[in-house]
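See structure below.
The values are calculated or read from the model by the stated rules, or taken from the named source; none is laboratory data. The structure displayed is predicted, hence computed values, not measured ones. Counting neighbours? That spans all protein chains shown, and the Cβs are built from the backbone with ideal geometry, glycine included. Surface areas here come from the heavy atoms of the whole protein model, side chains and all, with no ligands, DNA or RNA. Shrake-Rupley method; radii C 1.70, N 1.55, O 1.52, S 1.80 Å.
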Amino acid sequence: AAAARLLAPLLPQPLDHVLLQADLTAVAPGPLERPLAAMLGVLAEVESKGGATVYRFTPASVRRALDAGQAASDLHAFLAEHSRTPVPQPLAYLIDDVARKHGHLRVGAASAYVRCDDDALLAEILADRRSAGLRLRRLAPTVLAAQAAPDALLEGLRAMGYAPAAESAEGDVLITRAEAHRTPPRSAPTPVPEGPPVPDDTLLGAAVRAIRAGDRAATTPHKPVPTGATAAGRLPRTTSADTLATMQAAALTGSAVWIGYVNADGAASQRVIAPVRVEGGFVTAYDHTADEVRTYPLHRITGVAELADDSA
């Protein structure tokens with residue numbers, strides 16, 4: 001309260017009037033009282049703000065006021081009471097014209113309807129207390145609207161002793177038949193193509209790279225192994241110490257070596273690798289045969305031999 005008393009001399013006094021003009025506008029020369037500003041916000045559109053606020057009356061804004069429960073006479077009385085100028089004739093005509101058209105069309109919601117050429121029968125249904133749950137309302141002498149669903153409306157009327165028939169949106173009577181339980185139709189099986197699938201570009205490219213890498217591993221010249229090679233598979237045979245020493249030396253110099261390798265299934269193969277790191281019983285190297293970096297356990301390497309051309 002004390003702050004309000006201090007601020008009151010510094011704030012403009014709210015006004016209770018506007019100035020109506022012939023171009024369907026109203027000028028508020030200052031801040032308006034709250035009830036007047038609220039009513040003008042419904043009846044008109046704010047066109048500009050500043051030292052004075054300009055409101056414009058449009059058919060849409062007048063219709064909005066009528067939708068809010070105001071009548072044409074109420075709007076005329078409101079404008080005449082709060083305007084320092086006479087109400088312009090164009091504004092009075094606008095209000096009367098919009099009010100004359102307002103409400104001619106009605107829009108509502110209904111879940112189902114009942115129609116019958118005998119209006120006396122419909123009056124009998126409305127008078128029956130058992131129809132209260134259906135929430136029926138007469139729209140025309142031969143039409144009733146219901147808030148219940150069509151199925152519930154049918155069951156309710158049948159429970160009351162009537163024999164209604166359902167109809168479609170086009171007005172045709174719907175015919176119901178007993179449900180027949182049949183096995184659903186089976187879809188045709190997907191045909192299985194004969195022979196192996198046609199390889200795509202990715203599979204063909206991988207096969208070509210594997211063949212070229214295998215040829216390179218098999219044809220790369222290498223230095224003879226001191227202990228010789230086995231007759232089966234021509235894999236190099238070296239001791240564990242020689243294998244470890246050769247791998248470490250190759251990792252330091254960045255050179256490639258030829259190894260014999262036995263996988264977990266016992267299949268033996270020969271590979272050309274370039275060791276990168278040797279530690280923990282494993283060697284990480286770039287495998288020229290697989291064209292990728294792999295890790296090999298040292299205990300699965302049968303032997304190692306230096307290549308005749310280290311640049312391989």
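Cβ-Cβ distance of Ala77 and Leu11, R₀ of 30 Å, FRET efficiency by 1/(1 + (r/R0)^6): the value works out to about 0.50. Pairwise inverse Cα distances across the chain, averaged and inverted, put the Kirkwood hydrodynamic radius at 31.3 Å. Please list, in order, the residues from region 288-307 whose amide nitrogen is less than 13 Å from a point placed 7 Å along the Cα→Cβ vector of Ser240. Within reach of a label on Ser240, which here means backbone N under 13 Å from a point 7 Å along Cα→Cβ, region 288-307 contributes 298-302. Rolling a 1.4 angstrom probe over the protein heavy atoms with all chains in place gives region 240-306 an accessible area of 48 Å² per residue.
Spin-label model, Tyr286/Lys101: points 7 Å from Cα along the beta carbon direction are separated by 8.2 nm. Using alpha-carbon positions, what is the distance between the centroids of region 184-200 and region 35-77, in Å? Going from one Cα centre to the other spans 72 Å.
With the full set of protein chains in place, find how many percent of the accessible area of the chain is carbon and sulfur; take the probe as 1.4 Å. Spell out each step's value before the answer.
Details: 11700 of 20780 Å².
Of the solvent-accessible surface of the chain, carbon and sulfur hold 56 percent.
On full extension, the segment bounded by Glu279 and Asn263 gains 3.8 nm, given 0.36 nm per residue less the C-alpha separation.
Note on surface exposure: His299, His102 rank His299, His102 by accessible area, highest first, 1.4 Å probe. Counting only DSSP H runs of at least 4 residues, each contributing -39500 (n - 2.57), and dividing by the residue count of the chain, the helix-based mean residue ellipticity at 222 nm comes to -10000 deg cm²/dmol.
Take the alpha-carbon centre of region 118-143, take the same for region 145-167, and report the distance between them in whole Å. Computed from Cα coordinates, the inter-centre distance equals 11 Å. For Ser48, Ser83, the ranking by accessible surface with the largest value first comes to Ser48, Ser83, using a 1.4 Å probe. For the pair Arg212 and Arg158 in one chain, pulling the backbone fully straight at 0.36 nm per residue adds 10.9 nm over the alpha carbon distance.
Accessible surface computed residue by residue for region 39-92, with neighbouring protein chains in place and a 1.4 Å probe, gives 52 Å² per residue.
With equal scatterers on the alpha carbons only and no solvent term, can you work out the Debye log10 of I(q)/I(0) for region 8-61 at 0.16 1/Å? Calculated log10 I(q)/I(0) at the listed q: -0.45. Beta-bridge orientation, the chain: approximately 95 percent antiparallel, per DSSP, counting only bridges with both partners inside.
Taking every protein chain into account, the 1.4 Å probe leaves Thr190 with about 120 Å² of accessible area, to the nearest ten. Comparing Cα centroids, region 250-312 and region 1-31 end up 93 angstrom apart. Tell me the relative contact order for the chain as a rounded percent, counting alpha carbon contacts under 8 Å between residues six or more apart. RCO, the chain: 10 percent.
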